[in-house]
1. Has segment 196-219 got any residue that is open to solvent by 70 Å² or more (accessible area, probe 1.4 Å) and of a type in the set (Phe, Trp, Tyr)?
2. Regarding Val230, is this residue of a type in the set (A, V, I, L, M), open to solvent by less than 70 Å² (accessible area, probe 1.4 Å) and out of contact with any Leu (no Cβ under 9 Å at 6 or more places or on another chain)?
3. Quick check on this structure: which one of Glu326, Glu297, Glu356, Glu361 is of a type in the set (D, E, K, R) and at pLDDT 95 or above?
4. Only one of Lys150, Lys144 is over 24 Å from Glu108 (Cβ atoms) and in contact (Cβ under 8 Å) with a residue 24 or more places away in the chain; which?
5. Identify, please: which residue in segment 257-296 is surrounded by fewer than 16 Cβ atoms within 10 Å (Cβ to Cβ) and touching a residue at least 60 places away in the same chain (Cβ under 8 Å) and is, among those, farthest from Val247 (Cα to Cα)?
6. State which residue pairs qualify: first residue in a loop (DSSP other than H, G, I, E, B) and inside segment 310-333, second residue acidic (Asp, Glu) and surrounded by fewer than 14 Cβ atoms within 10 Å (Cβ to Cβ) in any location, beta carbons under 8 Å apart, and separation of 6 or more residues or different chains.
7. Any residue at all in segment 200-220 that is assigned to a helix (DSSP H, G or I), touching a residue at least 12 places away in the same chain (Cβ under 8 Å) and either out of contact with any His (no Cβ under 6 Å at 6 or more places or on another chain) or over 30 Å from Asn350 (Cβ atoms) (or both)?
8. From Val182, Val131, grab the single residue that is buried (at least 18 other Cβ atoms within 10 Å of the Cβ), of a type outside the set (Asp, Glu) and not in a loop (DSSP other than H, G, I, E, B).
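The values are calculated or read from the model by the stated rules, or taken from the named source; none is laboratory data. For clarity, every value in this text was computed on a predicted model and none was experimentally measured. As a convention, Cβ positions derive from the backbone with ideal geometry for all residues, glycine included, and neighbour counts pool all protein chains shown. Surface accessibility is based on the protein's heavy atoms, side chains included, excluding ligands, DNA and RNA. Shrake-Rupley method; radii C 1.70, N 1.55, O 1.52, S 1.80 Å.
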Amino acid sequence: MSESFEQLFEETGMKQISRGEVVEGTVISVKEDEIVLNIGYKADGIISRSEYTNTPNVDLTTCVNVGDKLEAKVLKVNDGEGQVVLSYKSLKAEKGNKRIEDAFNNKEVLKAKVIDVKPGGLSVAVEETRVFIPASLVSDVYEKDLNKFKDQEIEFVITEFEPKRRRIIGNRKTLLVAEKEVKQKALLESLKEGDIVEGTIKNVTNFGAFIDLGGLDGLLHISEMSWGRVENPQKIFKAGAKVKVLVKEINGTKIALSLKFDDTNPWLSAAEKYAKGNVVKGKVARMTDFGAFVELEAGIDALLHVSQISKTRVEKPSDVLSIGQEIEAKVVDFNEDGHKISLSIKALDNDAENTEDSVEE
């Protein structure tokens, strides 16, 4: 017989294949861990689970269907049982490498699912090619728990591409920084002092709260949280809450915020409520050697001088008064421009005595 095996295959329509060749076939059978392809050869092609994907324990019946067309690379022409061993993932990896190389050269933004989370960073897959994103390049802020990114699709750029060393590094941080810069610029161009804007409380400290205004944080200092005194901001504000604030001052990228809105200024109605001669009530807020400051309402304190506490001599206000004590006193001086009010308990006592004397007469 003069015809070679190659000629016989050609005459019967059977093609020849070799290791490393890319073949296309039709899925004729699918199991959880194996795909069988008709590749037009004397034997069928087999793709095992491990040669289909790097994802562990995946059910292949959820990935392909009978009749689907697939391309794969030949690993072995004969596995010892007459079957052709194929790899789908190695072909995808090659395509992935090419895709990543093009993205690296063109500085293109890629999007892929996080398939693995490690203490040092995230692994994503681009056409079965793994890209590692170090923890320091995952975000523009410190991320305590990277597990929140598991199975999430994220965008990144390739900053290192060395496939021979299996070193392909992605960077998500640079995108977030660039995006933030764009938002900051737009915000600063539109924002002006005196504006009332809504923001999200980002962080609360003992000296104030940082408010995210949409690309840039503003500081709401403890002194600007209320017309009155605030002892502990963390008891009033919680991270994540929405708040409307007044833009008090803009200095470069530093924004000072306030909750002291002009229309809520307690001094707007103080002239009538605390006119000279009025009798008022308040709480002792703090004391010095020369007198006690009495809070009449949030944002309005009045001075009760030590000489006006009693008709009898008082050495120190703390000898007869205590913080938080409620008192009643008479307004003996009101200075609207200077926002100063003076009180006197002694004058109130004198008034009471004069009234008694008048009654007795």
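1. To start, the set of residues in segment 196-219 that are open to solvent by 70 Å² or more (accessible area, probe 1.4 Å) comprises 196, 198, 202-203, 206-207.
Checking which are of a type in the set (Phe, Trp, Tyr) leaves us with 207.
There is at least one residue in segment 196-219 that is open to solvent by 70 Å² or more (accessible area, probe 1.4 Å) and of a type in the set (Phe, Trp, Tyr).
2. Details: of a type in the set (A, V, I, L, M): yes; open to solvent by less than 70 Å² (accessible area, probe 1.4 Å): yes; out of contact with any Leu (no Cβ under 9 Å at 6 or more places or on another chain): yes.
In short, yes.
3. On the way: Glu297 fails: at pLDDT 95 or above; Glu356 fails: at pLDDT 95 or above; Glu361 fails: at pLDDT 95 or above.
The unique qualifying residue is Glu326.
4. Numbers: Lys144 fails: in contact (Cβ under 8 Å) with a residue 24 or more places away in the chain.
Every option except Lys150 fails the conditions.
5. Ranking the candidates gives Val279 first.
6. If the second residue must be acidic (Asp, Glu) and surrounded by fewer than 14 Cβ atoms within 10 Å (Cβ to Cβ), the pairs left are Lys316/Asp289.
7. So in segment 200-220, the residues assigned to a helix (DSSP H, G or I) come out as none.
Looking for residues that are assigned to a helix (DSSP H, G or I), touching a residue at least 12 places away in the same chain (Cβ under 8 Å) and either out of contact with any His (no Cβ under 6 Å at 6 or more places or on another chain) or over 30 Å from Asn350 (Cβ atoms) (or both), one finds none in segment 200-220, hence no.
8. Numbers: Val182 fails: buried (at least 18 other Cβ atoms within 10 Å of the Cβ).
Residue meeting the stated conditions: Val131.
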